[in-house]
Amino acid sequence: MTGRVEFILGGARSGKSRLGEQRAERWFSDGKVARLIYLATARPGDEEMVSRIAHHQASRPAYWQLIEEAWALDQVLASLASDDCVVIDCLTLWLTTALCDYSDSAFQHKRAALLSALRATRARVILISNEVGHGIVPLGELSRRFVDESGWLHQDIAALADRVDFVMAGLPLTLKGDN
């Protein structure tokens, strides 16, 4: 374990992003980190997503640095300093890009590179992701693969993270680490 990686899971509109941002803000105000970075994995594919992105951007103070990166999370992590804090929001959008736009071998390589970068980073990292495994098994092949890959990725990240929280209705439940 790195002592620097936290993982926050929850459903849509559960409050998981807000929890990650609040935790990062607290570290910043306490002087534990010098720079706050929001690494957004969303791509503005339609007007509704453009609106969501604009809302997220408007809700963060100007001192947050924004990095928009839908694929090369490992490279961003490798570039961070030890006094940086990055909130990666969200892994499920990253996974969607990976499964829809890249070959299986490219995805597996990038997945392994992400896990390696998380183990190696000296920055504080808060990963946000949607828990999608609580529902029924989807009908479509791509949807089933997405649920499977998401679950496996979540397990691997939870294993290396120092803290894992599950958020429901704005309430965090600590699954791993200190309260």
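The values are calculated or read from the model by the stated rules, or taken from the named source; none is laboratory data. The structure displayed is predicted, hence computed values, not measured ones. Virtual Cβ from ideal backbone geometry, glycine too; neighbours counted across all protein chains shown. Just so you know, the surface numbers come from the protein's heavy atoms only, side chains and all, with ligands and any DNA or RNA stripped out. Shrake-Rupley method; radii C 1.70, N 1.55, O 1.52, S 1.80 Å.
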query = Of everything in the range 12-36 that's free of Cβ contacts under 8 Å to residues at least 60 places away in the same chain and within 15 Å of the chain's Cα centre (by Cα), which residue is farthest from Val76 (Cα to Cα)?
reply = Arg13
query = Can you spot a residue in the range 42-57 that is at negative phi, open to solvent by less than 70 Å² (accessible area, probe 1.4 Å) and in contact with a Cys (Cβ under 9 Å, 6 or more places away or on another chain)?
reply = yes
ask   = Could you say whether any residue in the range 134-145 is under 18 Å from the mean Cα position of the chain (by Cα) and open to solvent by 40 Å² or more (accessible area, probe 1.4 Å)?
value = no
request  = Kindly list, by first and then second residue, each pair from a residue in the range 104-115 that is assigned to a helix (DSSP H, G or I) to a residue that is surrounded by fewer than 16 Cβ atoms within 10 Å (Cβ to Cβ) and at pLDDT 95 or above, limited to pairs with Cβ atoms under 6 Å and residues at least 6 apart or on different chains.
outcome  = Leu115/Asp156
query = Looking at Ala117, Ala169, Ala159, Ala113, which is the one that is farther than 21 Å from Ile8 by Cβ, of a type outside the set (S, T, N, Q) and at pLDDT 95 or above?
reply = Ala113
All positions within the range 146-179 that are part of a loop (DSSP other than H, G, I, E, B), small (Gly, Ala, Ser) and open to solvent by 30 Å² or more (accessible area, probe 1.4 Å) = Ala169, Gly170, Gly177
